[in-house]
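The values are calculated or read from the model by the stated rules, or taken from the named source; none is laboratory data. Everything numeric here is computed off the predicted structure, so don't read it as measured data. When we count neighbours, we look across all protein chains shown, and the Cβ atoms used for this are built from the backbone with ideal geometry, even at glycine.
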2 protein chains.
Amino acid sequence: MQPRSQNIVFHHGEVSRADRERLLGQRGCVLWFTGLSGSGKSTVARQVERRLFERKHLVQVLDGDNVRHGLCKDLGFSATDRTENIRRIAELAALSVDAGLIVLTAFISPFRADRAQARAIVGTESFVEVFVDVPLAVCESRDPKGLYKKVRKGELAEFTGISSPYEPPDAPELVLRTADLTLDRSVDQVIEYLDRRQFLGAPGNPTR
Amino acid sequence: MQPRSQNIVFHHGEVSRADRERLLGQRGCVLWFTGLSGSGKSTVARQVERRLFERKHLVQVLDGDNVRHGLCKDLGFSATDRTENIRRIAELAALSVDAGLIVLTAFISPFRADRAQARAIVGTESFVEVFVDVPLAVCESRDPKGLYKKVRKGELAEFTGISSPYEPPDAPELVLRTADLTLDRSVDQVIEYLDRRQFLGAPGNPTR
């Protein structure tokens with residue numbers, strides 16, 4: 001078995017996505033986490049990132065912290081702005097997938113149509129919709145950012161799950177019920193899925 | 001000398017930019033090519049990408065082809081839209097730099113203020129402004145996309161260098177005079193600069 005970096009076939013012309021994927025020993029893809037506030041999207045995504053990094057994979061996490069204050073800082077929370085927010089994140093994710101990265105996005109993304117658009121932008125063969133399926137009552141009892149408390153006091157309007165709808169996925173590639181699982185077990189399920197789909201290296205080329 | 005993949009120090013908590021840079025054996029940065037249409041920005045960028053890939057570096061090229069039809073497809077060419085276009089490209093580049101990538105952007109980006117904003121967004125220590133300095137007459141004689149011909153026929157308004165200003169950089173990190181150099185020599189200058197700044201691996205850790 002050769003180290004991954006020696007498996008590269010050079011050819012003329014532009015460097016392709018396949019070239020970069022061979023360099024990295026992985027296949028670019030997007031894990032699109034969707035679910036209520038407090039369902040655990042970011043927590044699971046960050047832990048998946050850590051576990052994949054330990055296996056020497058290159059991962060990019062996109063979440064409110066690094067997108068809402070940068071690329072999308074001109075956008076608010078109206079329906080139009082939410083749709084544009086998701087569109088930009090999907091376009092950004094598509095470019096990162098083309099660069100060979102495994103991208104984890106952690107946004108509520110409550111609307112089916114927006115997620116369908118994201119899937120179309122990325123390409124369905126590289127798009128993994130991960131439904132973090134947790135009852136509202138559990139999310140509200142966790143309330144990691146104190147947002148549900150604010151909503152109940154009437155300080156936040158149009159809050160997903162309470163005053164604004166959450167449309168659950170019809171056919172997500174993965175469902176994580178983080179209320180019934182340890183964090184480690186949730187992460188295992190994601191990694192097992194990626195292994196099964198050979199995003200972490202093809203069989204016969206197990207570089208990790 | 002150990003292979004780069006064994007230099008990684010694991011620690012708890014989130015995976016950092018420094019972690020990803022160690023994994024990749026490079027330092028994330030943006031080469032921001034600026035210059036007139038036909039100056040050679042994209043051609044040089046693509047060739048730098050090829051040469052860096054042959055040294056096993058992970059590179060992302062952003063240009064009109066992959067940004068204007070995607071992330072920025074809602075934007076036109078008004079002054080406001082051009083500024084927003086550059087802002088989004090810079091935000092995108094900043095995220096890629098955080099992922100550890102060497103990003104090459106190839107946009108005319110004619111306005112000093114917009115480029116200064118891009119530098120501020122990326123962080124000046126990771127931002128390399130590359131002025132592709134070619135006389136207008138040379139660009140017009142090359143006319144790779146037939147755009148100058150259209151302008152002279154009056155079919156294109158607000159064209160940089162003719163009916164819209166190009167503001168040359170005051171203090172670019174690099175100047176490429178592609179009219180006086182072979183393509184290979186232009187590319188050499190970029191690679192030598194990156195080596196000198198140690199973006200391609202630190203001394204004592206020359207993994208390539």
Problem set entry | B:S16 vs. criteria hydroxyl-bearing (S, T, Y), surrounded by fewer than 24 Cβ atoms within 10 Å (Cβ to Cβ) and within 11 Å of another protein chain (Cβ to nearest Cβ) | yes
Problem set entry | Output for region B:143-161, where each listed residue is surrounded by 18 or more Cβ atoms within 10 Å (Cβ to Cβ) and within 30 Å of B:E192 (Cβ to Cβ) | B:T160, B:G161
Seminar exercise, completed: Within region B:170-197, residues closer than 18 Å to B:C139 by Cα and touching a residue at least 60 places away in the same chain (Cβ under 8 Å) come out as B:L176, B:T178, B:L183, B:S186
For this session: Tell me which of these A:A79 doesn't satisfy, since it passes every other one: (1) of a type in the set (G, A, S); (2) over 17 Å from A:E49 (Cα atoms); (3) modelled with pLDDT of 95 or more.
Result: (3)
For this session: Please tell me if A:S164 is surrounded by 13 or more Cβ atoms within 10 Å (Cβ to Cβ), over 26 Å from A:G25 (Cβ atoms) and either within 21 Å of the chain's Cα centre (by Cα) or in contact (Cβ under 8 Å) with a residue 40 or more places away in the chain (or both).
Result: yes
Problem set entry | Evaluation of A:S42 against (1) facing another protein chain (nearest Cβ under 9 Å); (2) more than 23 Å from B:G123 (Cβ to Cβ) (one fails), failing number | (1)
Exercise. So which strands (runs of 3 or more DSSP E) stay within region A:51-133 end to end and still have 2 or more residues that are in contact (Cβ under 8 Å) with a residue 60 or more places away in the chain, within 14 Å of chain B (Cβ to nearest Cβ) and surrounded by 17 or more Cβ atoms within 10 Å (Cβ to Cβ)?
Worked result: A:102-106
For this session: Quick one: which residue in A:L136, A:L181 is over 20 Å from A:L31 (Cβ atoms) and more than 16 Å from the chain's Cα centre (by Cα)?
Result: A:L136
Exercise. Regarding A:R177, is this residue in contact with an Asp or Glu (Cβ under 7 Å, 6 or more places away or on another chain), surrounded by 13 or more Cβ atoms within 10 Å (Cβ to Cβ) and not hydroxyl-bearing (S, T, Y)?
Worked result: yes
Exercise. If A:L36 satisfies every condition in (1) within 11 Å of chain B (Cβ to nearest Cβ); (2) buried (at least 22 other Cβ atoms within 10 Å of the Cβ); (3) at pLDDT 95 or above but one, which is the exception?
Worked result: (1)
